[in-house]
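What follows draws every value from the coordinates through simple rules; no lab data is involved. Source: prediction; values computed, not measured. Quick reminder, even Gly has a Cβ in these numbers, built from the backbone with ideal geometry, and neighbours come from all protein chains shown.
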Amino acid sequence: MKKNIVLLLALFYFCFLAFAQDEDFHHPELEWQTIETEHFYVHFHNGTERTAKEVAGIAESIYKPVTEMYNHKPDGRVHIVIRDYDDYSNGGAYFYDNKIEIRCPALDYELRGIHPWLWNVVTHEFTHIVQIQTTMKFGRKVPAIYLQWLNYEAERRPDVLYGYPNVILSYPYSGFVLPAWFAEGTAQYNNPALNYDYWDTHRDMILRMYVLSDSMLSWEEMSVFGKNSLGNESVYNAGFSMVEYIARNYGVDRLKDISAKLSKTFCLTIDDAIKSSLGITGEQLYYKWKEEKLDKYSTVRDSLKGCLTKEEFIEGEGFGNFYPAFSPDGKKLVYISNKNNDYLSQSSVFLYDLEKKDAKEIIAGVRSSLSFSPEGEFLYYSKITRYNPYFSAFSDLFRYNIKQRKEERLTQALRAMNPKISPDGSKLVFTYGTDGTLNIGVLDINKKNVIKLTRFSNGEQVYTPVWSVDGRKIAFGFSKGHNQSICIMNSDGTELRILPLEGDSRNPFFYSDSVLFFSWNRNGIFNIYCINLTTGELKQLTNVLGGAFLPAVNKENKLVYVSYTSTGYKIASTSVADNEKTIDTLELNIIKTQNFDDTVSSHILAVDKCLRSASDENASYSWQPENISGDTIYKEIIRDEHAKPYRHFFTSTSVYPFLRFDNYNVSGTALDNIKLGVYLNSTEILDKLAFFCGLALNKRLERDIFAIFDYKDKLPLIYKIGLDPSVSLELYNITRKHDAKFWLYIGNPTPDTMQARITYNLFEADFSITQRIYSDRARIKLLYAISRYTQDFGAWWHPRYGQIPATRSTYFIGNALSVQFKFNGILNSISKAINPVGRVLSFAYYYDIDKFNPRDSAKYESGLRVPVYSPYNFSRLEFSWIEHLNLPLKNQTFSIALNTAGILKKDSIDDFFNYYIGGFAGMRGYTYYAIGGNKTAYMNVTYRFPVSNELNFKLMHLYFKRLYASVFFDIGDGWYGNKMPAISSWKKDVGFEFRLEAFSYYLYPTRIFFSGSYGLDRFERRVQDVTLGFRNIKYGGEWHYYLGVLFDFELTDFYPHRFMR
């Protein structure tokens, strides 16, 4: 029986993709502990003790107000996992697992204001847990029910039971239905009495510019992510604002009511829940909210008419342009830009010639402040790399020789960010930190030693430090709660000034020793201001409708800054002289360093209270939970519980029932093709261990069983040398039954027809160790696989001898050792799935030690029947190179794929071991078995283009995003021995494919693809029929069609071209 056992894995993988919780980089070097409270387990590793203790206190303090608001308590303690091995800030709620993950570094995101990180993220993620669990239809144990369909090619070969799949469909009935705007809106709104997050100036800026440019997200677009960084953040913004609108106009209790109505079994969209709860449709609610915002922001725009700054845009491409800095001679400008990319993390350094007015990219992968050396030879910056033993994403300091185009690393795993060079070129000031706290440091460039200027230890945050012109002062942003304030201290870390500016002031820049430029949201919009540090005179330099940030000035008084528009952050310029306007005089006080912590905290507390009372959209709500006061937001809650060594906790087992129509048995009834099954999954809370298994049975008791166990923790001795491989054990077993007919001559000139049921039983076990090498995109795997394939020949009736008893034989015993390498260089983009760009390279070497007995040959020893196997020991290689190239025309690509595989023997061996290159994942103009041999090679070229990049419409619970089409050409062949056929004789096909990118139930990625291919060459294959001798099978000259509905478009990773027998 020729059956691809890995096909099973492919389908199971696609079914489970939406719920995968894979930690790409595990860290066996860490030691973990646990703090246990009444409602939470807080798990943390060495170096995060402060954060863990504070999180434990925060979690307990917000438990009651959040659970009471939704009248729901999780059914057990919630696990909170604290991680601090990457310079990356985020939080995540795994609502089916009662699990929250928090990264220690505080969020400093260009599209959002500053808020107290731990209070904000714990409340946000716990609100997700509580609110989403109230929407669940089947409870926490059953995330989804799957409907699946597998259809197969009508294979002509008599030695094959059934063909390769040509229809693969796996579609969920989701256990919860929740649009992105409502999920994130309620999490940001959390409880209106807590104020750990609020409608800040950045959020208002983004929504204001969308509204005034008539480019708001539509009702459908708000419901899903899958956008660029600005688009995804706009979903958060719109959701926050609309949830606040619902609470203010219909009552806070409507949030709970809408969530409860979403839990109804047949509620597939939020429209039904809103109609039932509010009495209006979702679209009516949207337009009411939109009209209110248009009225509000039109008033703001009208108030600024006639006095807006005249801006000249230097860089208008991309939506993430930051950190402009002049060269010492003032003739060039550098800045960070993400132009031609979809995410802020994909930023690069651009050098702009002010005379020629052109820009060129000089350094990729940088997203930090920039600083020229005094003579203009070097450019200093920080960037995140994984060049360390455990692939942590750490930020370090670098410098770039502009003339030589060479980069030099200055620090190693220092976690240093946003450097600025001193006026004499000898020192770099920067921020650095661990355990959720940032400090100011100075690096002596020549001596390479680091001096710590501040010694914060309680979650304080510092930002973008800069030197004064004489090098005697350092200014920087500071926060311990909401917003930033600007602080100034001596370059040795002594005396400190805090600028008494209410609201959010940030991005200091020294124009001279006594004049400081900065950005400030004084009137609810960020603008550029300057202050004389001697006299206190305060001037406003810009007046914009969006926002102005990150000022820099050259010797000619040309002011450049970052200006926010409806399409994102741009680099703009204006003249200082044309815009100076004195608006106030401030009294500046000097505060001693030793009193820094208490004084700054109390000052910022007062400023934050003033700002919240003036601008918070939630301020009208006065309900306060018991024992919660507004000031607790700034006070650390350090619990006294003793931390205990971590013991393994597992998530509760998730159950995914499924119904599969699997019609490989064309001779059976429809009921024979129906399989009932279930997937089971559980993961250790720290992702060190995981299991995933499944079982499916049909009426004939044919079964599909698999179990996968993953281990991602310390391997004795290995981890001490800097290796952190993951270990997997995969077990597969499938059975198929076939009612076979055969003929015997029993004393008659014509044969008698006999019939028996044959049951094929295939078992395989794979043990593998996988390690990253050289980069986070490259993997090497060592694998050992064992296979046992048996057939049970059922009892049958012989006319002369009566019933012949059933027999069993093992016809294949396989052992394979393998070394595999894979590099995945697909670039991250919003169209990554539907229209990838980049390179995928894979190579595998196998050594097989197999025994094969296809005819159940045997001999007798001491009266016992002993099977006789033929040994097959050989090596084989597999190689694949796929290159997706961007074309000059937008969103159009040209792809080339080269695939070759072969058994390294001069002589041919049994075709049981063949490779095949037809079918769904190969040359689609021919069936899977049409083209094969001990060696194969084929090439594919594809031209892909968008039919529509912005469908953006919804049909019931389906949201359609993009539609692409492609045309392709394949050429390939298979052969035996070492003599490859002439390329002119290779088989060829042409075809088309449509790819439709969609979302189901707002969350599930749904990839629908349909293709057709025509085989250009007609040919015949001579195969053996056990009943009729040899037959010629015709192929080519016909169309073949394929359909898939899965979670991804690409099948080549999961459908190998070699059957596992």
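So the values come out like this:
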item: Rg/Rh ratio calculated on Cα atoms of the range 746-795 (Kirkwood radius); result: 1.48
item: Cα centroid separation - the range 942-985 against the range 840-863, whole Å; result: 36
item: Bins of 10 Å from zero: percent of alpha-carbon pairs in the range 634-724; result: 13, 25, 22, 18, 12, 6, 3, 0
item: Test item: Cα-centred dipole of the range 846-901, Lys/Arg +1 and Asp/Glu -1 on Cβ, debye; result: 120
item: Table column - 3J(HN,Hα) (Hz), the range 308-321, Karplus curve with 6.51, -1.76, 1.60, x for Gly and Pro; result: 6, 5, 7, 9, 10, 8, 8, 10, x, 8, x, 10, x, 10
item: Amide H contacts under 5 Å for M923, placed H, 5+ residues apart; result: G918
item: Fewest-first ranking of E31, E60, E702, using other Cβ atoms within 10 Å as the exposure measure; result: E31, E60, E702
item: Peptide ranges 121-132, 432-443, 395-406, 73-84 listed from the most packed, as the mean C-beta count within 10 angstrom indicates; result: 121-132, 432-443, 73-84, 395-406
item: Residue order, fewest to most surrounding Cβ atoms within 10 angstrom, among S809, S369; result: S809, S369
item: Size descriptor, Kirkwood hydrodynamic radius, that averages inverse alpha-carbon separations across the range 312-610, Å; result: 19.4
item: Estimated vicinal HN-Hα couplings, Hz - the range 557-563 in sequence order (Karplus 6.51, -1.76, 1.60; Gly, Pro = x); result: 6, 7, 9, 10, 7, 9, 10
item: Estimated [θ] at 222 nm from DSSP helical runs (n ≥ 4, -39500 (n - 2.57)) normalised by residues in the chain, nearest 500; result: -5000 deg cm²/dmol
item: Size of electric dipole in the chain: Cβ of Lys, Arg +1 and of Asp, Glu -1, about Cα centre, debye, nearest 20; result: 3180
item: Using distinct alpha-carbon pairs, which all enter the 1/r mean, Kirkwood radius of the range 189-270 in Å; result: 14.2
item: Three semi-axes of the equivalent ellipsoid, the range 461-574, Cα gyration tensor, whole Å, largest first; result: 22, 17, 12
item: Mean Kyte hydropathy of 0.0 or more with a Cα span along the axis of at least 20 Å, helices from DSSP in the chain; result: 117-133, 596-615
item: The range 312-610 - charge dipole about Cα centre, Lys and Arg +1 at Cβ, Asp and Glu -1, debye rounded to 20; result: 740
item: Nonlocal amide H pairs with L723, under 5 Å, H built at 1.01 Å; result: none
item: Read-out percent of Cα pairs over 49 Å apart, derived from the coordinates shown; its label in (1) 46; (2) 34; (3) 41; result: (2)
item: Flagged links, alpha-carbon separation over 21 Å, of K890/K961; K420/K539; K73/K261; K293/K539; K339/K822; result: K420/K539; K293/K539; K339/K822
item: Tail fraction, Cα-Cα pairs, the range 231-336, threshold 19 Å, whole percent; result: 64
item: Cleavage-rule hits, GluC sites (Glu not before Pro), the range 346-395, DSSP coil, Cβ neighbours within 10 Å at most 11; result: E355, E375
item: Packing-based order for 810-820, 566-576, using average beta carbon neighbours within 10 Å, highest first; result: 566-576, 810-820
item: Rg and Dmax of the range 158-316, Cα atoms only, in Å; result: 20.8, 84
item: Overall dimensions of the range 721-851 by Cα: Rg and Dmax, Å; result: 24.2, 75
item: Fraction of beta bridges assigned by DSSP in the chain that are antiparallel (%, nearest 5); result: 95
item: Whole-Å semi-axes of the range 333-490's equivalent ellipsoid (Cα gyration tensor); result: 25, 19, 17
item: If the convex hull is drawn through the Cα atoms of the range 843-886, its volume per residue in Å³; result: 80
item: Relative frequency of Cα-Cα separations exceeding 22 Å in the range 869-993, percent; result: 49
